[in-house]
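J.: Okay, here's the structure, questions in a sec.
The values are calculated or read from the model by the stated rules, or taken from the named source; none is laboratory data. Bear in mind that the values here come from a model prediction, so they are computed numbers and not experimental data. Note that we place each Cβ from the backbone using ideal geometry, even for glycine, and neighbour counts take in every protein chain shown. Calculation scope for accessible area: heavy atoms of the full protein, side chains included, ligands and nucleic acids excluded. Shrake-Rupley method; radii C 1.70, N 1.55, O 1.52, S 1.80 Å.
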Amino acid sequence: MAGSSRAVAAVEWLVGVAPDPAGCREEWERNPLGVALLPAGKQWDVLILPGELGTATLDVLSRVIDRPGPVLADFGDARLGFFVPAGTVARWVGTGVRGAGPGTWIVVPYPGRTVGGVRWVVAPDGSGTLNDPALLELAMHEAAARLAQEAGE
């Protein structure tokens, strides 16, 4: 799928959760930051990891699978948000990991566009592919162990 058609498919997938899809598209166009608020907990939840752990976890995931599911980074990469199947946050038991599920909203940039602040590290491809929670947990454990080892050296 070409880059522009992938961005179009990603937009359609993302606005599918918006209460007002047309309004969401307009917000992406009007907002100078190029972001919109979307509700978590419908098609996806978001697990939010501290920046260093999130970056290391994404590195591990990228070595294990061809293409991880969508991942957002906030201002200065202080936190990374991994999109996971809806319902994951309710079952997640982990220290230092925040979750966005039903009743929460996520700031989401337009796919394929680089804007200040929040950005896609791995943009959605429009297929609905998400990060597998079990694989994400294993990658987090490996990343945390590596970071602890590096800190001890």
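J.: Restricting the range 29-45 to residues that are open to solvent by 40 Å² or more (accessible area, probe 1.4 Å) and not in a loop (DSSP other than H, G, I, E, B), which is nearest to D132 (Cα to Cα)?
T.: Ranking the candidates gives L37 first.
J.: From G126, G94, grab the single residue that is surrounded by 15 or more Cβ atoms within 10 Å (Cβ to Cβ), more than 13 Å from the chain's Cα centre (by Cα) and small (G, A, S).
T.: G126
J.: Determine whether R79 is within 12 Å of the chain's Cα centre (by Cα), within 22 Å of E150 (Cα to Cα) and surrounded by fewer than 23 Cβ atoms within 10 Å (Cβ to Cβ).
T.: Yes, satisfied.
J.: Filter the range 12-28 for residues that are farther than 16 Å from V118 by Cα and either assigned to a helix (DSSP H, G or I) or in contact with a Phe, Trp or Tyr (Cβ under 7 Å, 6 or more places away or on another chain) (or both) and give the result.
T.: E12, W13, V15, P21, A22, G23, C24, R25, E26
J.: Among the residues of the range 51-66, count how many are over 13 Å from the mean Cα position of the chain (by Cα) and open to solvent by 10 Å² or more (accessible area, probe 1.4 Å).
T.: The qualifying residues number 9.
J.: Which one of A134, A143 is among the hydrophobic types (A, V, I, L, M, F, W, C) and open to solvent by 50 Å² or more (accessible area, probe 1.4 Å)?
T.: The conditions single out A134.
J.: Looking at the range 30-48, can you tell me whether even one residue there is free of Cβ contacts under 8 Å to residues at least 40 places away in the same chain and among the acidic types (D, E)?
T.: no
J.: A further question on this structure: For the range 82-91: of the residues being among the hydrophobic types (A, V, I, L, M, F, W, C) and more than 12 Å from D132 (Cα to Cα), which is surrounded by the most Cβ atoms within 10 Å (Cβ to Cβ)?
T.: Per the stated criteria, the residue is V89.
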